[in-house]
Amino acid sequence: MDRGSDFYDHYWLAEMREKLKLYNQEEQDEVLIQDLPYIMEEHDTDFINTFRALK
């Protein structure tokens, strides 16, 4: 079961990097992506609108 989780985590991280336009893989990417909902809440931003603004 752990392998499935690793598989999912790998592709989830890759998809989020793409959505956030993080073209170079960095060690800090995962922390940034995990912190994003908290950052958005702090600044009263909407999840959908945040990603629309990145287009």
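Bear in mind that the values in this text are calculations on the coordinates, not laboratory data. Everything numeric here is computed off the predicted structure, so don't read it as measured data. Positions of Cβ are backbone-derived with ideal geometry, glycine not excepted, and every protein chain shown enters the neighbour counts.
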Label points 7 Å out from Cα along the Cβ direction at Lys21 and Asp44: separation in nm? 2.5
If Lys and Arg each add +1 and Asp and Glu each add -1, what is the summed charge of the other residues whose beta carbon sits under 14 Å from the beta carbon of Lys21? 0
Considering only Leu13, Ile33, Phe51, whose Cα is most displaced toward the positive end of the charge dipole of the chain, charges sitting on Cβ of Lys, Arg (+1) and Asp, Glu (-1)? Phe51
The local net charge around Ile48, scoring Lys/Arg +1 and Asp/Glu -1 for residues other than Ile48 whose Cβ lies under 13 Å from its Cβ, equals +2
In debye to the nearest 20, how big a dipole does the chain give about its Cα centre with +1 on each Lys and Arg Cβ and -1 on each Asp and Glu Cβ? 400
Are there chymotrypsin sites (Phe, Trp or Tyr not before Pro) in the chain that DSSP marks as loop and that have at most 11 other Cβ atoms within 10 Å, and which are they? Tyr23
Going by the alpha-carbon gyration tensor, a ≥ b ≥ c the square roots of its eigenvalues, is the chain rounded (a/c under 1.5) or, if a/c is not under 1.5, prolate (a/b greater than b/c) versus oblate? prolate
